[in-house]
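The values are calculated or read from the model by the stated rules, or taken from the named source; none is laboratory data. All figures in this text were calculated on a predicted structure; none of them were measured in a lab. Heads up, the Cβs are rebuilt from the backbone with ideal geometry, glycines too, and the neighbour counts pull from every protein chain shown. Please note that ligands, DNA and RNA were not included when accessible areas were found on the heavy atoms of the full protein model with its side chains. Shrake-Rupley method; radii C 1.70, N 1.55, O 1.52, S 1.80 Å.
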Amino acid sequence: MSDTSAITPAAGDTCELQVGVRGMTCANCSQRVERKLSKQTGVSSVNVNLATERASVRYDPKLVDPRALLETIRQSGYEPVDDRVTLDVRGMTCANCVQRVERKLNKQDGVLDATVNLATETATVRYLPSQVTVRDLIGAIEAAGYAASEPDSSSTTTQAEAKKEHKREEIRKLKQRATIAGALAAPLFLLEMVPMLIPGGMMWRDQLIPHDVFVLIGFVLSTIVLFGPGRLFYRHGWPSLMAGSPDMNTLVMLGASAAYGYSVVATFIPQVLPEGTVHVYYEAAATIVALILIGKYLEVRSRGQASEAISQLLTLQAKSARLERDDTIVEVPLEDVDTGDIVVVRPGDKIPVDGVIVSGSSYVDESMLTGESVPVAKGEGDEVVGGTINKTGSFRYRATKVGADSVLAQIVRMVEEAQGSKPPIQALADRVVGVFVPVVMAIAALTFVVWMFVGPDPVLNYALVAMTAVLLIACPCAMGIATPISVMVGSGQGASLGVLFRRGEALQSLQDAKIIAFDKTGTLTKGEPELTDFEVLSGLDNDLDEDDVLRLVASAEQNSEHPIAQTIVGASRARSLSLSSPETFDAVPGYGVTATVDGYRLLVGAERYMRQQHIDPSAHTDHAARLADDGKTPLYAAIDGQLAAVVAVADPVKEGSAEAVKALRERGLRVAMITGDNERTARAVARQLGIDEVLAEVLPDGKVAAVKALQQRGKVAFVGDGINDAPALAQADVGVAIGTGTDVAIESADVVLMSGDVRGVVNAVALSRKTLNNIKQNLFWAFIYNILLIPVAAGVLYPAFGVLLSPILAAAAMALSDLFVIGNALRLRRFRAPLQPAPRPSARPEGQAVPA
């Protein structure tokens, strides 16, 4: 992106924002932007230059946020120029790390917003590119003590493989550290703890290993553990403490160091300690580090399982493609396929890239896109998507989208964006985490002081044990990953079901919705009129049967451009009827048509047209009324002055629409329908589907007002086709776009249903509720764990029950708390869709049987 925007310090207490503005075409445009910006509180001067397409704004940063200025430009009808990047961040271990990186990024001039996600180990930054570069952002993260890397231009698959390789290396190193620490700590733990459980065990141990020798062994082994495998806690914990933002590493570092440091003093200069307090805790220091390293190793492995959805999607992509070049077939790597290449696909092949079939036909398994298990028929002119699987036939197709433009790449981007964003429920955890570690350190210090004053002898030992237990039991990690780990698993599971949450916020917003409002045409209905009834009346004066009458009526209508006329013509062609050219034809707008076909005089039209032509349809008006009440458009056909047939055309509802509405209502949701149809037709469809509320005769530009009216009674999720419903999708609290399996880049929607089946709405709502419940369970555990166990570690149970928590048990509990949260989130992988989408209809390819 061009260097078009900047924030620079100005004189006094003001700053200057320079930002590119797209879409201005004349002086009125620039003046409009100037006026809008000048009205903002805190803005002292504005200059908008049409020639350079830049706006320069001097403002008071205490009164106005630069993001608000950009939004003002956007509301003026123009587009401010900013950029967005997602960086990989390595080395974060807890929620305090996340907040430290976020604070560092948000302090950079030109950064509009930064969101860091512990579960995905990414930082998503929105910034002004002329004030700050990606290299600057990486530098800020590195200055905070973490490693970061910028995105490259390689394919989605290559980037994913690089991330997987880094994750494998991280797991390998953690496993190595945990194994070494565990192997060295185990002898100390067993020789110290097991003899205590056996009568006379300590005496037997001291006879086997003299006490002074055992102490020295403990010193050597614990020193290796702390400053070998455990040095990562010091490498991250000490800088965090010095920077005034202590984290989990700091707590582990202080807790282990307290036990180790006291033991060193007791070993080498015991005379400085009060009488009766000379004890060593080498086994505690070593075991603490070993247990937490083992816990981190298991946590990283589990987090890898949580992010498998994207990896599984990417494994669907073919590694190579067979191209038609110079009358020969050559196999090339996927990266070498260009737009316009002719790709040849054999039975059983993975389709390499997106494209349009130019010859041949087959059935294609598109379950990776839509969740539908039944293969879809494909023929010439149909679109195919890279990553889907060809089943029975072979075909040639022209590549239309490759690399980052492919549907699969779009899906991966959407899932990654959803996993990297924060739903509003995360705000509470963020506020707590911001003060958590400093508060825990204060509680630990207070615990030490209280025990020194009121504890039993040896008071110093009890104070040390209690303080160390408090430092180790506290776990900001569980609070930090409680929300993102559930969002990661939930959004990934949605992708496997054909439900794409484009933003993590949508997972929460959808379950908060009280009203589900559907667009009718193309969403609840097929969007294409069909001939639903063609009833030939008895007693005709000729020997015409149903096919004869339909052929004549269609022949009469074939010169009409009316949608209903084209529907009748299409129905006749579906029966392979041979149409005749009418000798005469006359259309009367709003009434019908008159034509002469094969010597017959045809009249086709509404009841009023029949009466105008002196034909009485009274005997059939009740039947026509019933058709109208069913949401159909009734017509009559007359031949040679005699009523010959009652015809009805309708936009039929999609299979599954009624089932979806029923399921939503059973879940306590109110269902509304917004349509431009007349009231009678709309209410007929509503009765057929069981819809609660109808907003009929709504013009396309009135859908936003209709959604606003519904929002007066609660949060609204609007479901539309994503084409002409974009304003309503944007206005709704949650916009749900019905996709087609190939067009997923619907910017106005928060959720995209790939299958085009409205039953996916039920699945999306169910998954949203399941995910939010999972997040609440995780947050409850994370908070209640700390609320209950920190006081226990501090010793509140000791006066009444004589119970004082061992630092070793505190370290184990800290490690297990993370695993509990991750394990609970992984339960979302067992989510199954309440309603299965129906296979999308498609004509059977010629010469092929339906696959078993």
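For region 508-528, filtering for residues that are in a helix (DSSP H, G or I), of a type in the set (S, T, N, Q) and within 17 Å of Q688 (Cβ to Cβ) leaves 2.
Is it fair to say S538 is more than 30 Å from L826 (Cα to Cα), open to solvent by less than 10 Å² (accessible area, probe 1.4 Å), out of contact with any Asp or Glu (no Cβ under 6 Å at 6 or more places or on another chain) and not hydrophobic (A, V, I, L, M, F, W, C)?
Details: more than 30 Å from L826 (Cα to Cα): yes; open to solvent by less than 10 Å² (accessible area, probe 1.4 Å): no; out of contact with any Asp or Glu (no Cβ under 6 Å at 6 or more places or on another chain): yes; not hydrophobic (A, V, I, L, M, F, W, C): yes.
Here the answer is no, as S538 does not meet what is asked.
The set of residues from region 448-493 being of a type in the set (V, I, T) and open to solvent by 10 Å² or more (accessible area, probe 1.4 Å) comprises V449, V450, V454, V459, V465. For the structure I just gave you, tell me whether F501 is open to solvent by 10 Å² or more (accessible area, probe 1.4 Å) and either at pLDDT below 90 or hydrophobic (A, V, I, L, M, F, W, C) (or both). So F501 fails the test. Screening region 364-379 for residues that are part of a strand (DSSP E or B) and over 29 Å from the mean Cα position of the chain (by Cα) and picking the one that is surrounded by the fewest Cβ atoms within 10 Å (Cβ to Cβ) gives A377. Checked against the criterion of being closer than 30 Å to L809 by Cβ, within 12 Å of the chain's Cα centre (by Cα) and in contact (Cβ under 8 Å) with a residue 60 or more places away in the chain, the candidates S486, S421 yield just one match: S486. Could you grab me the full set of residues in region 92-142 that are more than 26 Å from E71 (Cβ to Cβ), out of contact with any strand residue (DSSP E or B) (no Cβ under 6 Å at 6 or more places or on another chain) and of a type in the set (A, V, I, L, M, F, W, C)? M92, C94, A95, C97, L118, A119, listed by residue number.
When the criteria are applied in full, L710 fails the requirement of being closer than 29 Å to P484 by Cα and modelled with pLDDT of 85 or more.
So which residues in region 582-599 are of a type in the set (S, T, Y) and modelled with pLDDT under 90, if there are any at all? Scanning region 582-599 gives a single hit, Y591. Of all the residues in region 544-576, those that are surrounded by fewer than 17 Cβ atoms within 10 Å (Cβ to Cβ) and either among the charged types (D, E, K, R) or assigned to a loop (DSSP other than H, G, I, E, B) (or both) number 9.
Considering region 712-721, and only residues there that are in contact with an Asp or Glu (Cβ under 9 Å, 6 or more places away or on another chain) and not small (G, A, S), the residue that is most open to solvent (accessible area, probe 1.4 Å) turns out to be K715.
Here is a yes/no grid of residues against (1) under 27 Å from G244 (Cβ atoms); (2) out of contact with any Phe, Trp or Tyr (no Cβ under 6 Å at 6 or more places or on another chain); (3) in a strand (DSSP E or B):
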site: T86; (1), (2), (3): no, yes, yes
site: T93; (1), (2), (3): yes, yes, no
site: N96; (1), (2), (3): yes, yes, no
site: K104; (1), (2), (3): yes, yes, no
site: D109; (1), (2), (3): yes, yes, no
site: A114; (1), (2), (3): yes, yes, yes
site: A123; (1), (2), (3): yes, yes, yes
site: G139; (1), (2), (3): yes, yes, no
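The residues of region 352-363 that are surrounded by fewer than 23 Cβ atoms within 10 Å (Cβ to Cβ) and without any contact (Cβ under 8 Å) to a residue 60 or more places away in the chain, listed by number, are V356, I357, V358, S359, G360.
Only residues that are closer than 26 Å to A140 by Cα, among the aromatic types (F, W, Y) and open to solvent by less than 40 Å² (accessible area, probe 1.4 Å) were counted in region 210-245, giving 1. Apart from one condition, A444 fits all of (1) within 30 Å of Y798 (Cα to Cα); (2) surrounded by fewer than 21 Cβ atoms within 10 Å (Cβ to Cβ); (3) in contact with a helix residue (DSSP H, G or I) (Cβ under 7 Å, 6 or more places away or on another chain); the exception is (2). Contact annotation: residue pairs with Cβ atoms under 8 Å, 6 or more positions apart or on different chains, pairing a residue in region 635-647 that is among the polar types (S, T, N, Q) with a partner that is assigned to a loop (DSSP other than H, G, I, E, B), are Q642/L540; Q642/D541; Q642/I615. The set of residues in region 323-343 being surrounded by 18 or more Cβ atoms within 10 Å (Cβ to Cβ) and part of a strand (DSSP E or B) consists of L323, V343. Checking each residue of region 524-532 against the condition of being under 36 Å from the mean Cα position of the chain (by Cα) and open to solvent by less than 10 Å² (accessible area, probe 1.4 Å) gives at least one match.
Out of the residues in region 286-322 meeting the condition of being open to solvent by 40 Å² or more (accessible area, probe 1.4 Å) and either of a type in the set (A, V, I, L, M) or closer than 17 Å to A813 by Cβ (or both), tell me which one is modelled with the lowest pLDDT. If we take residues in region 286-322 being open to solvent by 40 Å² or more (accessible area, probe 1.4 Å) and either of a type in the set (A, V, I, L, M) or closer than 17 Å to A813 by Cβ (or both), then L316 is modelled with the lowest pLDDT. From the list L579, L603, the one residue that fits, being farther than 24 Å from E679 by Cα and part of a strand (DSSP E or B), is L603. Selection of helices (runs of 4 or more DSSP H) fully inside region 757-827 by the criterion of at least 3 residues being closer than 21 Å to I292 by Cα, touching a Cys at 6+ places or on another chain (Cβ under 7 Å) and touching a residue at least 40 places away in the same chain (Cβ under 8 Å) returns 807-826.
Among the residues making up region 237-269, those that are of a type outside the set (A, V, I, L, M, F, W, C) and closer than 17 Å to N461 by Cα are G255, S257, Y260, G261, Y262, S263, T267.
Taking every residue in region 23-44 that is free of Cβ contacts under 8 Å to residues at least 24 places away in the same chain and pairing it with any residue that is open to solvent by 80 Å² or more (accessible area, probe 1.4 Å), at least 6 positions away or on another chain, the pairs with Cβ-Cβ distances below 7 Å are T41/L63; G42/L63. Identify all residues within region 22-62 that are of a type in the set (D, E, K, R) and surrounded by fewer than 13 Cβ atoms within 10 Å (Cβ to Cβ); write none if there are none. Selection gives R22, R35, K39, K62. Within region 577-593, restricting attention to residues that are open to solvent by less than 60 Å² (accessible area, probe 1.4 Å) and without any contact (Cβ under 8 Å) to a residue 24 or more places away in the chain, the residue that is nearest to V647 (Cα to Cα) is G590.
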